[in-house]
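The values are calculated or read from the model by the stated rules, or taken from the named source; none is laboratory data. Because the structure is predicted, anything quoted here is derived from the model rather than measured. No Cβ is skipped: glycine too gets one built from the backbone with ideal geometry, and neighbour counts run over all protein chains shown. The protein model used for the area step is the full one, side chains on, heavy atoms only, and it has no ligands, DNA or RNA in it. Shrake-Rupley method; radii C 1.70, N 1.55, O 1.52, S 1.80 Å.
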Amino acid sequence: MSTPEPLVERIIDQHSDDAVTPGALVSVRVDRIYVQDGNSPTLARLFHKHGISSIREPEKVAFVFDHSVLAPNAAIADRMKEAAGFAKELGVQVMRRGDGISHVIAQEEGWFQPGTIVLGSDSHTCAGGANQSLALGMGVTDIAAAMISGETWLKVPETVWLNVVGTPHPLVRPKDVVLHILGTLGQAPFLYKSVEWIGPWAAALTEDGAASVASMGVEMGAKCVFLPPRRGRSSSVLSPVFAPDEANTITVDITGLDPVVALPHSPSQVASLSDVAGLSLDYVFIGSCTNSRLEDIEEAARMLDGKAVHPDVHMVVTPGSQRIMEDALRLGLIGILTRAGALVTPAGCGPCVGAQGPVPASGDRVLSTMNRNFKGRMGNGQAEIFLSSPLVAASSALLGRFPSIEELKA
Amino acid sequence: MTEIRGKARFVRGQISTDDIIPARYKHMYTDPADMAPHVFENRFPELASSFEEGDVLIGTDVFGIGSSREQAVSSLMALGIRAIVSPRFGRIFFRNCWNLGIPAIEVDTSRFIEGRPVRLDLTGGYAIIDENQGISFPPPPQRMIRILENGGLLNTVLNEAAHSRNGI
């Protein structure tokens with residue numbers, strides 16, 4: 001059998017008049033654009049500077065306010081006001097503060113249709129790969145250019161197939177597997193590439209799990225990622241091809257893998273949970289575009305049900321969207337969390353980037369379910385941030401320290 | 001525009017865009033000059049204030065991983081950085097450099113020397129280190145050179161739109 005045509009090339013080909021081969025620079029038509037609130041003020045500045053007052057297809061564009069839902073200072077409040085005014089001038093769709101994280105909203109609203117090209121002014125736009133959309137994070141100049149021209153330029157990436165096989169420890173979650181792959185392989189095999197996840201592990205992921213894995217594509221250094229469609233979805237024609245080019249296939253056997261954590265200050269700095277068991281924690285955050293979906297909130301709530309967060313731990317839970325918040329309320333999960341002593345904030349990015357509170361204190365050891373832990377990420381360069389699954393995070397919040405694997409089972 | 005001369009300034013290790021400019025500043029400011037004093041403040045305090053107009057940043061590992069913020073590029077530009085050379089780049093950061101009008105060149109940087117002159121010839125596809133050693137790289141595609149010559153992607157797109165309106 002010949003080499004299968006990679007999904008990224010099929011999608012680009014349908015959006016371009018140029019010849020599509022890996023390495024070629026091509027122009028593509030863009031189906032959807034969304035912008036987050038850390039970049040929309042700069043976008044407004046660029047438009048004003050260049051005297052641009054209208055865009056090609058405002059109906060394809062949405063502005064989301066997710067990073068600073070509760071503006072923490074006057075400067076940010078002023079920028080948000082500018083962005084909201086600018087969105088109104090352009091006539092684009094505007095989501096309210098508290099509607100949720102752009103990528104979670106994009107999934108709920110159906111902006112990531114299989115086979116489409118979607119641009120977001122946020123690196124975790126790659127989450128759209130869970131829906132077989134070529135979803136690309138870009139800077140605001142790229143976004144501005146696409147809003148004006150309806151197109152963008154791309155270098156057609158090479159494809160690597162990531163075949164995950166084997167059965168890990170039952171308490172291993174999708175986040176653990178991505179961190180494990182980052183810890184063992186680093187970014188090198190994935191840098192600039194399109195990553196097609198194949199094999200039984202990827203095929204069995206839930207919808208929330210697939211979105212979590214896809215969101216970490218940028219942490220892997222990938223240009224884009226694709227997960228297989230969930231069962232019952234009709235996009236099977238756009239499934240990653242399970243007859244990959246062997247030379248470009250990486251097989252990862254996760255048999256017996258235990259839960260893992262990423263250590264400060266890089267998601268590629270990964271250790272087994274047992275290596276950090278017992279280490280005390282000051283602050284636990286469950287949220288972000290990687291782990292704020294209903295499945296994540298449910299897992300945390302199950303762990304905390306009828307119990308109390310350790311008195312020395314500040315625990316914050318931020319649902320990914322208003323819809324998730326409402327589902328969690330209906331299921332009684334929010335009550336479980338608040339009764340246990342967790343602080344539940346409005347939907348959005350929460351404290352992930354330090355563009356709103358709560359900012360950790362200097363010297364705090366933080367365990368977070370977000371996707372990256374670069375120094376200063378949550379707004380304080382003097383905090384140490386660890387990353388894990390929501391399960392490990394919730395268990396740690398109860399104990400005030402990282403659990404052993406035995407304690408995690410209990 | 002296709003030749004750049006400057007002084008080599010190393011920034012060692014894997015560099016994230018959070019290292020370059022912490023997120024909250026792009027939520028607070030839109031003028032790169034306001035962000036510039038905060039460049040590298042968590043990872044390499046004091047480094048930003050030592051940059052001079054025309055400096056060429058030299059990376060040693062993947063440069064610019066993580067967030068899509070192009071403010072990482074614009075704030076470096078506000079400090080005088082005119083090119084970035086590194087063995088590997090984060091892909092969004094790489095795009096952002098070209099889009100804002102400064103070249104990002106992928107090349108082995110082990111022979112560059114801190115504080116010494118660097119000359120980049122983009123069309124020729126080579127760098128001259130300390131006025132004596134040459135190292136070659138694949139010349140960037142014409143399309144990317146054109147973006148630099150236009151002073152960035154936005155100017156390029158606006159010029160093209162104006163041309164097509166005028167039937168040129």
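Using R0 = 45 Å, the C-beta based FRET efficiency linking A:Asp18 and B:Ile135 works out to 0.90. Within the range A:101-166, the ratio Rg/Rh, alpha carbon atoms throughout and Rh by Kirkwood, equals 1.02. Ordering of A:327-334, A:357-364, A:284-291 by packing is A:284-291, A:327-334, A:357-364, highest average first (other Cβ atoms within 10 Å, averaged per residue). Determine the alpha carbon to alpha carbon distance for each of A:Lys375/B:Lys26; A:Lys60/A:Lys88; A:Lys193/A:Lys375 and list only those over 20 Å. Result: A:Lys193/A:Lys375 exceed 20 Å.
Rg and Dmax of the range A:159-253, based on Cα coordinates, read 12.4, 34 Å. The solvent-accessible area of A:Cys126, taken with every protein chain present and a 1.4 Å probe, is close to 10 Å². Each chain gives up part of its surface: B and A jointly bury about 4000 Å² of accessible area, both sides summed, for a 1.4 Å probe.
Only protein heavy atoms count here; on that basis, with a 1.4 Å probe, A:Met220 has an accessible area of about 0 Å². Each Cα pair under 8 Å and six or more residues apart adds its sequence gap; the mean of these over the residue count of the range A:8-155 is a relative contact order of 31 percent. Note on the range A:8-155: semi-axes of the ellipsoid equivalent to its C-alpha gyration tensor, largest first and rounded to whole Å, are 27, 17, 12. Computed from Cα atoms alone, the Kirkwood hydrodynamic radius reported for the range B:88-168 is 14.2 Å. Between B:Asp108 and A:Ala410, the modelled labels are 5.6 nm apart [label points 7 Å from Cα along Cα→Cβ]. If a/c stays under 1.5 just call it rounded; otherwise compare a/b with b/c (prolate if a/b is bigger, oblate if not). Do that for the protein assembly as shown, with a ≥ b ≥ c from the square roots of the Cα gyration tensor eigenvalues. The shape class here is rounded. The modelled label-to-label distance between A:Lys88 and A:Asp305, using points 7 Å beyond Cα along the C-beta direction, is 4.6 nm.
For the residues of A:71-79, the average number of beta carbons from a partner chain within 10 Å of their own beta carbon is 3. What is the calculated FRET efficiency for A:Ile250 to A:His48, with r their C-beta to C-beta distance and R₀ = 45 Å, to the nearest 0.05? About 0.45, to the nearest 0.05. Close amide H contacts of A:Val225 (hydrogens built in the peptide plane, cut-off under 5 Å, sequence separation of 5 or more or a different chain): A:Gly129, A:Ala135, A:Val195. Size descriptors for the range A:276-403, from the alpha-carbon set: Rg then Dmax equal 13.0, 38 Å.
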